[in-house]
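Take a look at the structure below.
The values are calculated or read from the model by the stated rules, or taken from the named source; none is laboratory data. Everything quoted here is computed from the prediction, not taken from an experiment. Cβ coordinates were reconstructed from backbone atoms using ideal geometry, including for glycine residues, and neighbour counts include every protein chain displayed. Just the protein is used for accessible areas: all its heavy atoms, side chains included, with ligands, DNA and RNA removed. Shrake-Rupley method; radii C 1.70, N 1.55, O 1.52, S 1.80 Å.
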Amino acid sequence: AQNILIENNAIAGVNGDFFGMKGNYSAPFGTIINDGKLISLNPNINSESAEYSSFVIDNENNPFMTYIKSEINFINNGQKNIDIASVNKITDMKYPVYIDRNAMTNTKALDERFADLVKIVISEGVISYISQRGETVEIPENGYIIVLNSYFADYELHKFCVGQKAEFNIKSTVDLDKIKTMFGGVGRILIDGQPTNNSGIVIKGRQPRTALGLTFDKNTLIIMVVDGRTHSIGATQEEIAQLM
């Protein structure tokens, strides 16, 4: 954690977002936007109900909190042939993933972790290359890649060929093109200053807590951390709401 702060010239840092506890690999759940660039996104979050909220600052510097619901569409040869599981979120590579240069410049590290991945390279809206299994590829500056595991490649790769037009777009309940900063968390514990017990996922019981809130005038961001693993007993949802 200390190295992350130093590498990004941060003045402070706290825990942010949530990630899966199953399997060998995980990634933060929420949508991440930095300096107007979409870093990562998972369309499965909030697909059925509002569970994981996000802190947002739009291009007019207005901060707010909301539940983001999104949908990814990838179309080649005029058809939607596969569903994309995420943007730049690398977990167990069970489903196809979109990757651009906000995540990596080439797939060397990814290929070292997972065997026999196939990459569909898209440059300027056209499929420009389809890799061999396990072949490391460069991610184009003016495009992206779609990564398939060997199982998906066996059943779906025949639907793709070099020269096909490809279209990638994201539909979201918030216009992501108008957002400067976004990162995720879990449920909301205060709405308009009043405690709530039914707005999204909040870990129950006495736990370490990181809470983030805005003052009513939206001029001040308050970040509160309650330890719970060393010298502190942590806090309940009700206690952290009262503290905030």
Review point. Per-residue accessible area for residue 156 at 1.4 Å probe radius, Å² rounded to 10?
Key: 40
Practice item. Hey, can you grab everything whose amide H is under 5 Å from the amide H of residue 30? Only 5+ residues off in sequence or another chain; H modelled, so Pro and N-termini drop out. Key: 18, 184
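Out of the DSSP beta bridges found with both residues in the chain, what percent are antiparallel (nearest 5)? Working shown, then result.
Working: 48 of 50 bridges.
Around 95 percent of the beta bridges assigned by DSSP in the chain are antiparallel ones.
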Review point. How much of the DSSP beta bridge set in segment 1-139 is antiparallel, as a percent to the nearest 5?
Key: 90
Exercise for review: Assuming R0 = 35 Å, can you tell me the calculated FRET efficiency for the pair residue 231 and residue 25, based on Cβ-Cβ distance, to the nearest 0.05?
Suggested key: 0.65
Check your understanding: Using a 1.4 angstrom probe and counting only protein chains, how large is the accessible area of residue 214 in Å², to 10?
Key -> 50
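Go ahead and run the numbers for FRET between residue 5 and residue 126, Cβ-Cβ distance against an R0 of 41 Å, rounding to 0.05.
On the way: r = 40 Å, r/R0 = 0.98.
For R0 = 41 Å, the calculated efficiency reads 0.55.
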**Study point:** Flagged links, alpha-carbon separation over 29 Å, of 94/171; 69/108; 37/80; 80/204; 178/204
**Key:** 69/108; 80/204; 178/204
Point to revise | Positive minus negative residues near residue 192 (Lys, Arg vs Asp, Glu; Cβ under 15 Å) | key: +1
Check your understanding: Each residue of segment 145-162 in order: what ³J(HN,Hα) in whole Hz does its phi give by Karplus 6.51 cos²θ - 1.76 cosθ + 1.60, θ = phi - 60°, with x for Gly and Pro?
Key -> 10, 10, 10, 10, 6, 5, 5, 5, 4, 4, 9, 10, 5, 5, 7, 10, 8, 4
Exercise for review: Sort 116, 58 by accessible area with a 1.4 Å probe, largest first.
Suggested key: 116, 58
Study note, to complete from the structure: Under the Karplus relation with 6.51, -1.76 and 1.60 and θ = phi - 60°, whole-Hz ³J(HN,Hα) for segment 176-181, x at Gly and Pro, equal 5, 5, 9, 10, 8, 9
Practice item. Treat each spin label as a single point 7 Å out from the Cα along the C-beta direction, and report the residue 114 to residue 156 distance in nm. Key: 1.1
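Counting only trypsin sites (Lys or Arg not before Pro) that sit in a DSSP loop (anything but H, G, I, E, B) with at most 10 other Cβ atoms within 10 Å, what is the longest stretch of the chain containing none of them? Walk me through the numbers before you get to the answer.
Values: sites that count: 22, 204, 229.
Maximal segment without exposed cleavage sites: 23-203.
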Check your understanding: Whole-Hz Karplus ³J(HN,Hα) for segment 40-48, in order, using 6.51 cos²θ - 1.76 cosθ + 1.60 and θ = phi - 60°, x for Gly and Pro?
Key -> 7, 7, 10, x, 6, 5, 6, 5, 10
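May I ask you to derive the FRET efficiency for residue 136 and residue 50 from their Cβ-Cβ distance with R0 = 45 Å, giving the value to the nearest 0.05? Kindly include the intermediate steps, with their values, before the conclusion.
Values: r = 40 Å, r/R0 = 0.88.
Efficiency for this residue pair is about 0.70.
Hand me the GluC sites (Glu not before Pro) from segment 1-81 located in a DSSP loop with no more than 14 other Cβ atoms within 10 Å, in residue order please.
Numbers: sites: 7, 48, 51, 60, 71; in loops: 48, 51, 60.
Listed in order of number, the matching sites are 48, 60.
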